[in-house]
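Undergrad: This structure is in structure tokens; I'll ask about it shortly.
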Amino acid sequence: MGVARPGELVGPPWLINVAGAIPGAGNAWAPEAIYNAATGDYVLYWATNSARNGVTKHRIWYVRTSDFRSFTTPQLYIERGGTQGLIDTQIIEVPNSVGGHRYYRASADGHITIEAADSILGTWTTLGNLSHMGISNGTGGGTVVEGPMWARFNERDEWALWLDQFATGRGYMPITSTDLGSTRNFRTRSDYAMGGNRKRHGSILNLTAAEESRVLGRWGSSVPVSRIQSYNFQDRHIRHADFDVRIDANVSPAQDAQFRLVPGLAGGSGTVSFASVNYPGYYLRHYGFDLTLAADDGTGTFASDATFRPVAGLADASWTSYQSVNYPDRYLRHYDYLLRLDPITDAQGRADATWRRVSG
């Protein structure tokens, strides 16, 4: 039986009775899964409230699966002493050089307890909890939280542990660390925002800049729809027509002249890519220095060709010019109303290469 790949799991949801074989199982809470390279399959784990050795409480159980349809018999994974229950475990894999271990897990067990191990199903070492930060799961008071959620920041060895402030209904708050080897390395953060709606019991999927741009291009979000107005032909805007790119007046259909300026596919602070509104996943890119509307093929060449750096307008600093990131001596300009990428050497070129972003 092969290991399921992400694309193979797309489709209607199905119910998994993972806790059915646990005597007296009352629930199956907060399920999580992590790929286990040591066994070539996934470890699926969750909390179940049931009686064991005369004590009824929540413990963490696990099964293994390679296809999320057939499973091993549930096994006890984590249990605390006495009557102390345990819920909301989540595991993250990190480079061995950071903190000294390969895996870290956080659990709600009266505290938020952090443990470390070098194998998912091996021996785990308790590193401590967050009581020194005034954070608990109810034992000792302070800020009472649950549902710990790990997330690594893109392109740097820094991790956030998001904690659900369920007791006050405030949703997630993060603490961060660059060394998970000790709970004393965590720091509280105030420079974050989670929007107006409370988020709980989630997970964070890291995206590349290209992936983020494709998602925003397909589904929108808070990125506004814009038109790009010509400086020297102010009744004309950038538009695509049969996948060629030009400037026209009175564009019809209007969406041909509507774009979302999303973070540049090639990355880089402050860069942008022009995502088509009516062709999701398509972007303005140069090819042979001619501008076209094309589908993102996922290559680095496409990302670079579709990424521009906004700079002060070459003809008017209150407007904007768009500099190519892979040909920084060239700028987005129109010539006989067609869009191209050119070096700019005279006043005519500066006017042709100057634009204003206006509401779509």
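The values are calculated or read from the model by the stated rules, or taken from the named source; none is laboratory data. Being a predicted model, the structure only gives us computed values, none of them experimental. Note: ideal-geometry Cβ built from the backbone for every residue, glycine included; neighbour counts use all protein chains shown. Heads up: the accessible areas ignore ligands, DNA and RNA and are worked out on the full protein's heavy atoms, side chains in. Shrake-Rupley method; radii C 1.70, N 1.55, O 1.52, S 1.80 Å.
Undergrad: For the chain, with the dipole built from +1 on Lys and Arg beta-carbon atoms and -1 on Asp and Glu ones, taken about the Cα centre, which of T183, T354, H240 lies farthest toward the positive end?
TA: After comparing all options, I get T183.
Undergrad: Sorted by accessible area (1.4 Å probe), largest first, how do F308, F243 line up?
TA: Result, largest first: F243, F308.
Undergrad: How much accessible area per residue does segment 1-134 have, counting only protein heavy atoms and a probe of 1.4 Å, in square angstrom?
TA: Ligands and nucleic acids excluded, the figure is 48 Å² per residue.
Undergrad: Another question, then. Under a Cβ-only charge scheme (Lys and Arg +1, Asp and Glu -1), can you give me the dipole magnitude of the chain about the Cα centre, in debye to the nearest 20?
TA: 920 debye
Undergrad: What is the sum of charges around S177, taking Lys and Arg as +1, Asp and Glu as -1, for the other residues whose C-beta is under 15 Å from the C-beta of S177?
TA: Summing Lys/Arg as +1 and Asp/Glu as -1 gives +2.
Undergrad: Shifting gears a bit: Of the labelled options (i) 32, 26, 19; (ii) 52, 22, 18; (iii) 28, 24, 22, which one gives semi-axes √(5λ) of the Cα gyration tensor in Å as computed for this structure?
TA: Recomputing semi-axes √(5λ) of the Cα gyration tensor in Å here picks out (ii).
Undergrad: When only the heavy atoms of the protein chains count and the probe is 1.4 Å, how do V225, V272 rank by accessible area, highest first?
TA: The ranking, largest first, comes out as V225, V272.
Undergrad: In addition: May I ask which residue of G81, A108, L127 lies farthest towards the positive end of the charge dipole of segment 68-169, with charges of +1 (Lys, Arg) and -1 (Asp, Glu) on Cβ and the Cα centre as origin?
TA: G81
Undergrad: Using alpha carbons only, how many degrees (0 to 90, rounded to 10) separate the axis of helix 209-219 from the longest principal axis of the chain?
TA: It is inclined by approximately 80 degrees.
Undergrad: In nm, what is the difference between 0.36 nm times the number of residues separating Y337 and Y35 and their Cα-Cα distance?
TA: Working it through step by step, the gained length comes to 103.4 nm.
Undergrad: At R0 = 22 Å, how high is the FRET efficiency between S190 and D157 if r is their beta carbon distance? Nearest 0.05 is fine.
TA: Rounded to the nearest 0.05, the efficiency is 0.50.
Undergrad: Could you sort S318, S226 by accessible area so the largest value comes first, with the probe set to 1.4 Å?
TA: S318, S226
Undergrad: Further, regarding this structure: Segment 205-301: which trypsin sites (Lys or Arg not before Pro) are DSSP loop and have at most 12 other beta-carbon atoms within 10 angstrom?
TA: Answer in residue order: no site qualifies.
Undergrad: Under 1.5 on a/c is rounded, so check that first for segment 5-142, then, if it is not, pick prolate when a/b is larger than b/c and oblate when it is not; a ≥ b ≥ c are the square roots of the alpha carbon gyration tensor eigenvalues.
TA: Because a/c hits 1.5 or more and a/b fails to exceed b/c, segment 5-142 counts as oblate.
Undergrad: Between A25, A38, A266, which gets the highest mean-square fluctuation from a Gaussian network model of the chain, Cα cutoff 10 Å?
TA: In this elastic network of the chain, the residue with the biggest mean-square fluctuation among A25, A38, A266 is A38.
Undergrad: A further question follows. Could you check which residue among G264, G24, G288 shows the biggest mean-square fluctuation in a GNM of the chain with a 10 Å Cα cutoff?
TA: Result: G288 has the largest fluctuation of those listed.
Undergrad: Oh, and also: Rolling a 1.4 angstrom probe over the protein chains, ignoring ligands and nucleic acids, what is the accessible area of H111 in square angstrom, nearest 10?
TA: Only protein atoms counted, so the area is about 40 Å².
Undergrad: Here's another thing I want to ask about it. With all protein chains present, how much of the accessible area of segment 22-150 (probe radius 1.4 Å) comes from carbon and sulfur, to the nearest whole percent?
TA: 47 percent
Undergrad: Now for a separate question. Assigning unit charges at the beta carbon (Lys, Arg +1; Asp, Glu -1) and nothing else, what dipole magnitude in debye, to the nearest 20, does segment 98-199 show about its Cα centre?
TA: Dipole magnitude for segment 98-199 comes out near 220 debye.
Undergrad: Going by average Cβ neighbours within 10 Å, how do the peptides 322-330, 249-257, 299-307 rank, with the highest at the top?
TA: Taking the mean over residues of other Cβ atoms within 10 Å, the ranking is 299-307, 322-330, 249-257.
Undergrad: Also, quick follow-up: If you average the sequence gap of Cα pairs under 8 Å that are 6 or more apart and divide by the length of the chain, what percent do you get for the contact order?
TA: Result for the chain is 8 percent.
Undergrad: Here's something else I'd like to know. Provide the net charge surrounding Y337, with neighbours chosen by a C-beta distance below 9 Å and charges set as Lys +1, Arg +1, Asp -1, Glu -1.
TA: Result for the local shell: 0.
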